[in-house]
Amino acid sequence: MSKIVLLPEDLINKIAAGEVIERPASVIKELVENSLDAGASKITVELEESGKKRIRITDNGEGMSPEDAEKSILRHATSKISSVEDLFSIKTLGFRGEALASIAAVSKLSIITKQKEMLEGCSLKIVGGNILDKNIIGAEQGTSIEVQDIFFNTPARKKFLKTDAVELKHCLEVVTHYALANPNVAFKFTHDHNILLHSPALQDARSTIASIYGIQTAKELLEVNYSDKNVVVQGFISKPYHVRNDKNQQVLFVNGRWIKNSDITNAVYEGYHSTLFVNKHPVLVLHLQLNPETIDVNVHPQKQEIKIEQKEQVAAAVASAVREALQSNKLMPTVDVNTEQQITFGTPIPRKETTTAVKYPFEPSAQTVFAVEETAAGYGGQESASAVAEQYQSTELMQEKLPPLKLLGQVHKTYFLAETEGGLFYIDQHAAHERVMYESLLNQFLYSKVEVQKLLQGEVLDVSVAEKISLEEKKDELKALGFELEYFGGNTFAVKTIPLVYGKVKIKELLHDLLSMLENKKSILEKKEEILTRMACRAAVMAGDLVTIPQMERILQELSKTELPYTCPHGRPTLMKVTVDELEKKFRRK
């Protein structure tokens, strides 16, 4: 007797649904793509209980006839392709005819649709893939699809859904991405009758970005406009210093399809080259137009991954597009330097002419020379201490955990230079101050005594819709860190208090970082070390900041009282010693 049997149609549909429909966001993605393929200029997404209870997508597209509406829930029934040749030149977002069949197989589905030329629309009710009811009704042009009780008949899949907050963010991600891809289409997203996103139809793509990611982010973006024989690259990228701690605001589209592709993403970073800070990520919304015949979008059940025939050439074009956008906005100053040959023992090594980015330009007018009398150079003597005190209080620091130091000044606006017995110390100003800030914040946080300062005029914080959700969830936890925020309307909050240790730090950038770090975390305690390290990093003086001698003294005095003064919270050394013996060897005195 044969052991191989044909599976029932309903079981086949449920298996297929497991590949295409993972969560409520998958439903939204498939239905929004269908709406866009139908030529809709207005799409409304309504959720209840993060889509677990109900999802409704309404559009004003071309609609379906009653006959097509019934066929739409059948597997591999589609109006997008009709031959094998069509499969190799796909110009629509949907094409396999699996979406509605898969959704219908694992939910209670209803469809209301009407074509423009028809007087009446039709209504279908489907449960578990079977049509239970169909009627002729009055309706507006377009299609409205309602999905209730997703995975009601596949409990094993239902139990793998995440919390409401996580599922809601995935749903919102889909809608925001397709709103970014289609600025001429009006999108509205509501959850439990609350409007979370309203992106009106605009011809200006930057305005659409502003409605989703915030006005300030949109203002800081640079426009990308590049083309060659293989690809057209258009969109927006952030300036090198307007970056994020995560990649949540990086969106790629190929021929209007939201995709994920590591080759293209890596090419973007190659375009930025060395202008980005370590572990920082740019904001980007990039649209690539490729010949449909050179890509394969049928390699992933959810159509989020694609294969590109000439991926090396496309990647090179993307890198060039990013590089040109940066250079045309004069964000990467360069200078040609003719370096002398390096003298070594043996044959001289020729150095090629190079182009070097000027990181911190030399400013003679900003340099200060501290005149120190010869007698002040000694250690331990009363005369030495008093002579130095007359110039800048005290340049000789008797540290608790550091050796006695006599500050000489600042080098390249990055390092303190100090004399010590037996040599010189180079102190990284950022690393040293970061250690001080970190331990101060840590002690305050552990004892729930974070000292705050009230802002006379609240700092206005403009956030994206997704960040707004995170902020509302983590409002009390942020307050425990010293940040008190007040809702200002729309996607705007007013920052009322900040930790006392902060000075001229960029509060908005820090809060954006903290929100991304707290995303999908149950408690601030889970990320305590990382969060406090980030806060300390933001609060500390930076490389490139001009620091006075009294400020240097204060930093070093506080550093000497820390538990681990010799490294910053990231593990980098705070200071390094060059011995007199080493100096004498370099000058061939030995």
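The values are calculated or read from the model by the stated rules, or taken from the named source; none is laboratory data. None of these values were measured; they are calculated from a predicted model. Cβ atoms come from the backbone with ideal geometry, glycine included; neighbour counts cover every protein chain shown.
Worth pointing out:
- Those residues of region 164-192 which are without any contact (Cβ under 8 Å) to a residue 40 or more places away in the chain and not small (Gly, Ala, Ser), in sequence order: Pro183
- Candidates Tyr438, Tyr487, Tyr502, filtered to the one that is modelled with pLDDT under 85 and of a type outside the set (Asp, Glu): Tyr502
- Sole residue being of a type in the set (Val, Ile, Thr), more than 30 Å from Arg323 (Cβ to Cβ) and in a loop (DSSP other than H, G, I, E, B), chosen from Ile150, Ile136: Ile150
- Inside region 408-434, residues that are touching a helix residue (DSSP H, G or I) at 6+ places or on another chain (Cβ under 6 Å), at pLDDT 90 or above and farther than 30 Å from Glu529 by Cα make up a count of 0.
- Meets criteria (under 14 Å from Lys508 (Cα atoms) and under 23 Å from the mean Cα position of the chain (by Cα)) for Glu459: yes
- Hey, Lys508 modelled with pLDDT of 85 or more and outside any strand (DSSP E or B) or not: no
- Subset tally (residues that are in contact with a Leu (Cβ under 8 Å, 6 or more places away or on another chain) and assigned to a strand (DSSP E or B)) for region 173-216: 7
- Subset tally (residues that are part of a strand (DSSP E or B), within 23 Å of Lys508 (Cβ to Cβ) and under 15 Å from the mean Cα position of the chain (by Cα)) for region 220-278: 8
- Selection status of Ala201, within 30 Å of Leu515 (Cα to Cα) and surrounded by fewer than 19 Cβ atoms within 10 Å (Cβ to Cβ): yes
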